[in-house]
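K.L.:
Here it is, the structure in full.
The values are calculated or read from the model by the stated rules, or taken from the named source; none is laboratory data. Note that this is a predicted model, so its numbers are computed, not measured. Cβ: placed from backbone, ideal geometry, glycine included. Neighbour counts: every protein chain shown.
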Number of protein chains: 2
Amino acid sequence: MEREISSGWLMFIGFRAAEDRIVAALAEAGYADITRAQARLLAGIDLDGTRLVVLADRARIPKQTALALVNGLEAAGYVERVPDPSDGRARLIRLTAHGRGGLPVAIAEEARIEADWQALLGIRRMRALRRALWELALSADPHLHAPEDPQREEPEGGHNG
Amino acid sequence: MEREISSGWLMFIGFRAAEDRIVAALAEAGYADITRAQARLLAGIDLDGTRLVVLADRARIPKQTALALVNGLEAAGYVERVPDPSDGRARLIRLTAHGRGGLPVAIAEEARIEADWQALLGIRRMRALRRALWELALSADPHLHAPEDPQREEPEGGHNG
DNA sequence: CGAATCTAGTACGATAATGGTACTAACAAT
DNA sequence: ATTGTTAGTACCATTATCGTACTAGATTCG
């Protein structure tokens, strides 16, 4: 009567393991006040700033939640809001200097995770894993407009740590 | 300056897509009051009952949070607590008849998700994906004591929908 | 042009989830 | 019997989630 663990749940385990490592790395580097929810939002901020609704979309939360998180991050000095020149309604949420300080930490830990996973699976299976995950992610979220082909280059999109 | 989406984040997308589908399927079948956090907890309940600390561990939440969720689920009639014959301190959290009613719905949707993903990737790559996810999950959580080998059979463990 | 429509951001508020500290009762070890 | 450990729980403060709804700037189209 025992059943297998679903693929979705396996993804949850992997995701949470990675997330915990990144948040822990940030905490150890002095960014101890960043919560997981905030980290998920920060991960969606492009280097040139991102709108609130886009952040909400990327983190799979309603914009009210994203707003609350951004308010907290702004109060903590991690992000700032600048007007969006292309749309008077919109504002771009950008990392402050303080926020950018955490980026290398997150990126480094992320790279370490990828390296650890690749060491476990081997480069070939790791690549296959990423490719498969990409296809599933795209089918779930068609406007991810993602490359993953090393040949192509997208002027837009892409997430941070 | 754009970076790739991390494998962990891709897992997040896949996981959330699956989770949303299951919660939506439950809602449509009349189980509209089950939240995502509750569903994650329910997914860890074995058919013969599971202890609170084990549920907390599986869902990656502290036991206080698990307690609050169980209280809510108990009040809503989804689970019940029975004494654990093997340990006077412990209690087993079990699905009630009402709770078991949602199981087929969740299991069916889960199967549909797996089928959809397999249709997308093909059976070979899907199997490779699961195998890779399993290895990563095991490395992150060594006491997952998981089979995945069709030959072996574990008397314990295994999650529900 | 101007009215209807849409969209980005925000406010307010109610509920749910998270997680710290700490207590009790039962078990385990010596 | 004393000590240490573990399961469950209570209490509580904070954070996160998300519904309803408003404002102001865009967009569409007659």
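K.L.:
Could you identify the single residue in A:82, A:53, A:105 that is surrounded by fewer than 17 Cβ atoms within 10 Å (Cβ to Cβ), in contact with a Gly (Cβ under 9 Å, 6 or more places away or on another chain) and not small (Gly, Ala, Ser)? Don't jump to the end; show me each part of the working.
P.N.:
Values: A:53 fails: in contact with a Gly (Cβ under 9 Å, 6 or more places away or on another chain); A:105 fails: surrounded by fewer than 17 Cβ atoms within 10 Å (Cβ to Cβ).
Being surrounded by fewer than 17 Cβ atoms within 10 Å (Cβ to Cβ), in contact with a Gly (Cβ under 9 Å, 6 or more places away or on another chain) and not small (Gly, Ala, Ser) holds for just one of A:82, A:53, A:105, which is A:82.
K.L.:
A further question follows. Kindly evaluate residue A:33 against the criterion of being farther than 23 Å from residue B:143 by Cβ, touching a residue at least 12 places away in the same chain (Cβ under 8 Å) and away from DNA strand D (no atom under 16 Å from the Cβ). First the steps, then the outcome.
P.N.:
On the way: farther than 23 Å from residue B:143 by Cβ: yes; touching a residue at least 12 places away in the same chain (Cβ under 8 Å): yes; away from DNA strand D (no atom under 16 Å from the Cβ): no.
No; evaluated as a whole, the condition is false for this residue.
K.L.:
I've got another one for you. Here is a check on your reading of the model: is residue B:102 at negative phi and either under 14 Å from the mean Cα position of the chain (by Cα) or near DNA strand D (Cβ under 10 Å from one of its atoms) (or both)?
P.N.:
Values: at negative phi: yes; either under 14 Å from the mean Cα position of the chain (by Cα) or near DNA strand D (Cβ under 10 Å from one of its atoms) (or both): yes.
Yes; evaluated as a whole, the condition is true for this residue.
Every residue, every condition in (1) within 14 Å of the chain's Cα centre (by Cα); (2) among the aliphatic types (A, V, I, L, M); (3) within 15 Å of residue A:106 (Cβ to Cβ); (4) within 13 Å of chain B (Cβ to nearest Cβ), yes or no:
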| site | (1), (2), (3), (4) |
| --- | --- |
| A:9 | no, no, no, yes |
| A:12 | no, no, no, yes |
| A:19 | yes, no, yes, yes |
| A:32 | no, yes, yes, no |
| A:43 | yes, yes, yes, yes |
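K.L.:
Could you figure out which of (1) modelled with pLDDT under 95; (2) over 15 Å from the mean Cα position of the chain (by Cα); (3) within 12 Å of chain A (Cβ to nearest Cβ) isn't true of residue B:146?
P.N.:
With respect to (1) modelled with pLDDT under 95; (2) over 15 Å from the mean Cα position of the chain (by Cα); (3) within 12 Å of chain A (Cβ to nearest Cβ), residue B:146 is out only on (2).
K.L.:
Could you grab the pairs with beta carbons closer than 9 Å, sequence gap of 6+ or different chains, first residue in segment A:53-64 and within 13 Å of residue B:12 (Cβ to Cβ), second one charged (D, E, K, R) and within 11 Å of DNA strand D (Cβ to nearest atom)?
P.N.:
Close Cβ pairs (under 9 Å, with a partner that is charged (D, E, K, R) and within 11 Å of DNA strand D (Cβ to nearest atom)) amount to A:58/A:40; A:59/A:40; A:60/A:40; A:60/B:16; A:60/B:20; A:61/A:40.
K.L.:
Within 16 Å of DNA strand C (Cβ to nearest atom), under 21 Å from residue B:16 (Cα atoms) and out of contact with any Lys or Arg (no Cβ under 7 Å at 6 or more places or on another chain): does that describe residue A:65? Let's see the steps before the verdict.
P.N.:
Details: within 16 Å of DNA strand C (Cβ to nearest atom): yes; under 21 Å from residue B:16 (Cα atoms): yes; out of contact with any Lys or Arg (no Cβ under 7 Å at 6 or more places or on another chain): yes.
So residue A:65 passes the test.
K.L.:
Taking the stated definitions as given, is residue A:23 surrounded by 17 or more Cβ atoms within 10 Å (Cβ to Cβ) and without any contact (Cβ under 8 Å) to a residue 60 or more places away in the chain? So that I can check it myself, show each step before the final result.
P.N.:
Values: surrounded by 17 or more Cβ atoms within 10 Å (Cβ to Cβ): yes; without any contact (Cβ under 8 Å) to a residue 60 or more places away in the chain: yes.
Spelling it out, residue A:23 is indeed surrounded by 17 or more Cβ atoms within 10 Å (Cβ to Cβ) and without any contact (Cβ under 8 Å) to a residue 60 or more places away in the chain.
K.L.:
Residue A:27 passes all but one of (1) closer than 29 Å to residue A:132 by Cβ; (2) out of contact with any helix residue (DSSP H, G or I) (no Cβ under 9 Å at 6 or more places or on another chain); (3) of a type in the set (Gly, Ala, Ser); which number fails?
P.N.:
So residue A:27 meets the others, but not (1).
K.L.:
Does residue B:95 fit the bill of being under 15 Å from the mean Cα position of the chain (by Cα), within 23 Å of residue A:9 (Cβ to Cβ) and away from DNA strand D (no atom under 14 Å from the Cβ)?
P.N.:
Details: under 15 Å from the mean Cα position of the chain (by Cα): yes; within 23 Å of residue A:9 (Cβ to Cβ): yes; away from DNA strand D (no atom under 14 Å from the Cβ): yes.
Yes.
K.L.:
Further, regarding this structure: Considering only segment B:98-119, how many residues are under 15 Å from residue B:28 (Cβ atoms), away from every other protein chain (no Cβ under 12 Å) and of a type in the set (D, E, K, R)?
P.N.:
Residues flagged as under 15 Å from residue B:28 (Cβ atoms), away from every other protein chain (no Cβ under 12 Å) and of a type in the set (D, E, K, R) within segment B:98-119 amount to 0.
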